[in-house]
Amino acid sequence: MSLTAAEVAEIVKLVEQSSFDELTLEIDGLKLSLRRNGAGSFAAASPALVPVLDPNIVTDEQNTVTASPNTVTATTNIVTPTPNIVTADPATHEVRSPLLGTFYRAPKPGAAPFVEVGTVVEEDTVVAIIEVMKLMNTVRAGVRGTVTEVLVSDGVLVEFDQSLMRVRKSG
Amino acid sequence: MAIRRILIANRGEIAARIIRTCRRLEIETVLAASLADRDSVPARLADRVVCVGPARPTESYLNVSAVVHAALGTKSDAIHPGYGFLSERAALASLCETERVIFIGPTAAQIDAVGDKLRARAEAIAADVPVVPGGAIASAAQARQLAEEIGFPLLVKAVGGGGGRGMKRVERLQDLPAAVELASAEAGAAFGDARVYVERFVDRGRHVEVQILGDGRGGVIHLGERDCSVQRRYQKLIEETPAPGLSDRLRRELREAAVRFAERLTYRGAGTVEFLVDGERDAFYFLEMNARIQVEHPVTEAVTGIDLVAEQIAVAGGSGLRLQQSDIRLDGCAIECRVNAEDPANDFRPSPGQVREASWPAGAGIRVDTHIETGSRVPPFYDSLMAKIIAHAADRKAALGLLSTAIAATRIDGVSTNLSFQQEVLTSPEFQRGGVDTGFVGRLLDARRSEEATYQGLGAIYRG
């Protein structure tokens, strides 16, 4: 059992919108504690990476995350999906690779890329192709918004769940 | 071709163990890990990690195209499949052959030959290796005739099964048709192959297997045998070499039969030929061949001083067999204990979770193969093997004592382990005498249950 950063962000949003101050969620050995108003912090049970809910929030060496007032505090011992610290800026969506394979920005060599930085995308806009043993798999944006960053260069090996692009959400 | 970079398509202790040999040989390692294993010990030990898929094994460790793509994309010369997962899938070996990636193991054709249990039986007969009386079932009438010839009890087995999976025991002739039908339906669902066959059930049989190495050109040597009769529901718990109490003749014939079988297949790489030993008749029968490195290979390494993974890599790289039969010396006795994250007090239920403390034994004659340290996680998606503790000494008694001491010195906190049960097995008089059959663990558990029932009964009387 593991949660993606997007799922954690979604849970945080639900708590924020609710009338509850605290949420403890335990699923199959995974524990997620959320508390409103940063009213204290919990030590993580493991040295595993901790999802950071806002890139501007401070993390200390005890793997404790303290949120600013009016947001939430979260510590979990889940394994993060990438080696990087997960950023879950609610306004930014990360397009992640659904498979391990070779990343292609264009439908064929020499063709124009599916998207560039600044391209406006819909949920189902194809933004890239992942080739696995000559099988082409399309990657879609997943949200409406504007591409702000392409994180991977054309023709390289990408891992499962690797961040490929960032999209600033609109609407 | 010299192998300079190996992609390891596995996890857990075997991934860590393969990396250790690669480091010694100055071969680079790429670990193909699932999302759940990104922060595992083998991921830290490998030179590079690529995430091949989510935690669920069918989408990661069993994903043939992702694994081969990962090998190509990381410019790995070879793939080591470890045991389990894709190790005996002809599809991986075959795709490797097409893509010109070295598969560290036998050919796809050899995997197919031993994966089909009926075909393996036929090869054994052709190699003059004794098989358990039995055969294929084509019709109900023929099944009946065969069963009467063999006698009861007998086993209905799946052609595509193995390791105890897809087996039904039948006591009486009238139960045969239903058992065949059920076994066939289950085999079809589990292995995609509904064919079944019957074999005599050997009561009080022992599981003895022979480690072999083949060069793929017809040269085969053996590295002695292992006794793996301590099993619970066909899962091995304790393995040892040499097999205790075999007659010299039986031991020699077993080893020679294994070599003949592998020679017939022109087998390439490390493999294990499994036999059922009937102690009462002083006879043995071919069971199956495992076309991979086995979990219990370290006991063989302990008594021979040979690194089997290094030999696998050498054969795969085209160096052939670097050893001759006369180079193999078997020195002393080695016993392995599997440490599983499971709860013996709760019907051996898996106990995944975070390991709060892990302290493994060390010292002369002790080897521990593990991927677990303080803070490690035992994910619920995979098997529960946490470690193997191997003790090597001049004789069985000394090895047993050493292993027992090592287990007593092991501390695991945070998840339940089978260590207390393993200690119970090691100290039981029957196991200490040596040469137990595969029913031993079942009887030990039954005895314990009836003892508990007696205590509970006495408690009720006293309370009353």
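The values are calculated or read from the model by the stated rules, or taken from the named source; none is laboratory data. None of the values given here were measured: they were computed from a predicted structure. Here Cβ is always computed from backbone atoms with ideal geometry, including for glycine, and neighbour counts include all displayed protein chains.
Going through (1) within 11 Å of another protein chain (Cβ to nearest Cβ); (2) of a type in the set (Val, Ile, Thr); (3) under 20 Å from B:Leu35 (Cα atoms) one by one, B:Ile79 falls short only on (1). For segment B:161-178, the tally of residues that are surrounded by fewer than 20 Cβ atoms within 10 Å (Cβ to Cβ), aliphatic (A, V, I, L, M) and closer than 28 Å to B:Asn290 by Cα stands at 1. Within segment B:57-78, restricting attention to residues that are in a loop (DSSP other than H, G, I, E, B) and in contact with a helix residue (DSSP H, G or I) (Cβ under 9 Å, 6 or more places away or on another chain), which residue is surrounded by the fewest Cβ atoms within 10 Å (Cβ to Cβ)? Looking at the filtered set, the residue picked out is B:Asp77.
Filtering segment A:122-171 to residues that are over 20 Å from B:Gly53 (Cβ atoms) and among the basic types (Lys, Arg) leaves A:Arg144, A:Arg166, A:Arg168, A:Lys169.
Inspect segment B:351-372 for any residue being modelled with pLDDT of 95 or more, closer than 17 Å to B:Gln231 by Cβ and within 24 Å of the chain's Cα centre (by Cα) and give the result as yes or no. Within segment B:351-372, none of the residues are modelled with pLDDT of 95 or more, closer than 17 Å to B:Gln231 by Cβ and within 24 Å of the chain's Cα centre (by Cα).
For B:Asp331, the criteria (1) touching a strand residue (DSSP E or B) at 6+ places or on another chain (Cβ under 8 Å); (2) of a type in the set (Asp, Glu); (3) assigned to a loop (DSSP other than H, G, I, E, B) hold in every case but one, which is (1). When B:Ala127 is tested against (1) surrounded by fewer than 22 Cβ atoms within 10 Å (Cβ to Cβ); (2) within 24 Å of B:Lys236 (Cα to Cα); (3) aliphatic (A, V, I, L, M), exactly one condition is not met: (2). Does B:Gly435 meet the test of being closer than 24 Å to B:Asp282 by Cβ and either modelled with pLDDT under 95 or of a type outside the set (Lys, Arg) (or both)? Answer is yes for this residue. Taking the criterion of being part of a loop (DSSP other than H, G, I, E, B), over 17 Å from the mean Cα position of the chain (by Cα) and more than 14 Å from chain B (Cβ to nearest Cβ), the residues of segment A:123-152 that qualify are A:Asp124, A:Thr125. Tell me, please, whether a residue that is within 14 Å of chain A (Cβ to nearest Cβ) and either in contact with a strand residue (DSSP E or B) (Cβ under 7 Å, 6 or more places away or on another chain) or among the polar types (S, T, N, Q) (or both) can be found in segment B:99-115. Yes; the residues of segment B:99-115 include at least one that is within 14 Å of chain A (Cβ to nearest Cβ) and either in contact with a strand residue (DSSP E or B) (Cβ under 7 Å, 6 or more places away or on another chain) or among the polar types (S, T, N, Q) (or both). On the stretch given as segment B:362-382, residues that are outside any strand (DSSP E or B), on the phi < 0 side of the Ramachandran plot and either within 13 Å of chain A (Cβ to nearest Cβ) or crowded, with 19+ Cβ neighbours inside 10 Å (or both) total 9. Just so you know, in segment B:6-43 the residues that are within 14 Å of another protein chain (Cβ to nearest Cβ) and over 21 Å from B:Ser384 (Cβ atoms) include one that is surrounded by the most Cβ atoms within 10 Å (Cβ to Cβ), and it is B:Ala32.
Checking each residue in segment A:87-111 for being within 14 Å of chain B (Cβ to nearest Cβ) and either among the charged types (D, E, K, R) or without any contact (Cβ under 8 Å) to a residue 24 or more places away in the chain (or both) picks out only A:Arg96. From the list B:Thr405, B:Thr417, the lone residue that is at negative phi, outside any helix (DSSP H, G or I) and hydroxyl-bearing (Ser, Thr, Tyr) is B:Thr417.
Listed here are the residues, each with its yes/no results for (1) in contact with a strand residue (DSSP E or B) (Cβ under 6 Å, 6 or more places away or on another chain); (2) without any contact (Cβ under 8 Å) to a residue 24 or more places away in the chain.
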| residue | (1), (2) |
| --- | --- |
| B:Pro380 | no, no |
| B:Ile390 | yes, no |
| B:Leu403 | yes, no |
| B:Thr427 | no, yes |
| B:Arg449 | no, yes |
| B:Thr454 | no, yes |
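Cβ separations smaller than 8 Å between residues 6+ apart or across chains give the following pairs from segment B:173-188 residues that are on the phi < 0 side of the Ramachandran plot to residues that are part of a helix (DSSP H, G or I) and crowded, with 20+ Cβ neighbours inside 10 Å: B:Leu173/B:Ala147; B:Leu176/B:Ala143; B:Leu176/B:Ala147; B:Pro177/B:Ala143; B:Val180/B:Ala143. If you take the residues of segment B:61-89 that are at positive phi and of a type outside the set (Gly, Ala, Ser), which of them is farthest from the chain's Cα centre (by Cα)? Only one residue tops the list, namely B:Lys75. Here B:Arg100 passes the criteria (1) of a type in the set (Lys, Arg); (2) more than 23 Å from the chain's Cα centre (by Cα); (3) over 29 Å from B:Ala2 (Cβ atoms) except the one numbered (3).
When each of B:Phe261, B:Phe284, B:Phe275 is tested for being buried (at least 20 other Cβ atoms within 10 Å of the Cβ), in a strand (DSSP E or B) and more than 15 Å from the chain's Cα centre (by Cα), the lone residue that passes is B:Phe284.
Per-residue answers, yes or no, for (1) assigned to a helix (DSSP H, G or I); (2) modelled with pLDDT under 95; (3) within 13 Å of chain A (Cβ to nearest Cβ):
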| site | (1), (2), (3) |
| --- | --- |
| B:Val49 | no, no, yes |
| B:Phe85 | no, no, no |
| B:Glu97 | yes, no, no |
| B:Ala122 | yes, no, no |
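Restricting to segment B:51-73, and then to whatever is within 7 Å of chain A (Cβ to nearest Cβ) and of a type outside the set (Gly, Ala, Ser), can you tell me which residue is nearest to B:Cys96 (Cα to Cα)? The residue in question is B:Val68.
Any chance segment B:232-239 includes a residue that's part of a strand (DSSP E or B), within 22 Å of B:Lys157 (Cβ to Cβ) and of a type in the set (Asp, Glu)? No, segment B:232-239 has no match at all. Would you confirm whether any residue within segment B:138-160 is in contact (Cβ under 8 Å) with a residue 60 or more places away in the chain, surrounded by 19 or more Cβ atoms within 10 Å (Cβ to Cβ) and not in a helix (DSSP H, G or I)? No.
Given the structure, is B:Arg100 free of Cβ contacts under 8 Å to residues at least 40 places away in the same chain and within 27 Å of B:Glu373 (Cβ to Cβ)? Judged against the criteria, B:Arg100 is not a match.
Considering only residues in segment B:346-361 that are on the phi > 0 side of the Ramachandran plot and away from every other protein chain (no Cβ under 14 Å), the one that is surrounded by the fewest Cβ atoms within 10 Å (Cβ to Cβ) turns out to be B:Asp347.
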